[in-house]
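K.L.:
Let me give you the structure first, and then I'll get to my questions.
Any read-out appearing in this document is the output of simple, stated calculations on the displayed coordinates, not a laboratory observation. Remember, it's a predicted structure, so these values are computed and weren't measured experimentally.
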Amino acid sequence: MSGKVSAILAALLVACALSLVNAQYRARHLFIELERSQQQTRQLDIEWAQLQLDQSTLGKNARIEEIARKDLNMVPLTPERTQYLTEESK
């Protein structure tokens, strides 16, 4: 009788040990996945900050005016070049 109890206890002990090993294995993989996700989050935060900086640079009035002058050959509007339209009365 005690041999059967010992065998059952030994089997339970082996099952618990295997369960513990499996849990540690999964915990390590989850930790690695967490670290990768955190690294990706940091990288995306850096990219987001760079995109915000680029957006603020590209949207500045001086840059827009420079592109309008160089690429589109536009010149500032002066009072001499302004044409006023009036409505003719009937």
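K.L.:
How much mean residue ellipticity at 222 nm does the chain get from its helices, if each DSSP H run of length 4 or more adds -39500 (n - 2.57) and you divide by all residues, to the nearest 500 deg cm²/dmol? Kindly include the intermediate steps, with their values, before the conclusion.
P.N.:
Details: 2 runs with 67 residues, N = 90.
Helix contribution divided over all residues of the chain: -27000 deg cm²/dmol.
K.L.:
Follow-up question, since we're still on this one. With Rg and the Kirkwood Rh both taken from Cα atoms, where does Rg over Rh land for segment 1-60?
P.N.:
Details: Rg = 25.8 Å, Rh = 15.9 Å.
Result for segment 1-60 is an Rg/Rh of 1.62.
K.L.:
Would you give the gap between the C-alpha center of segment 52-90 and the C-alpha center of segment 1-50, rounded to a whole Å?
P.N.:
After rounding, the separation between the Cα centres reads 63 Å.
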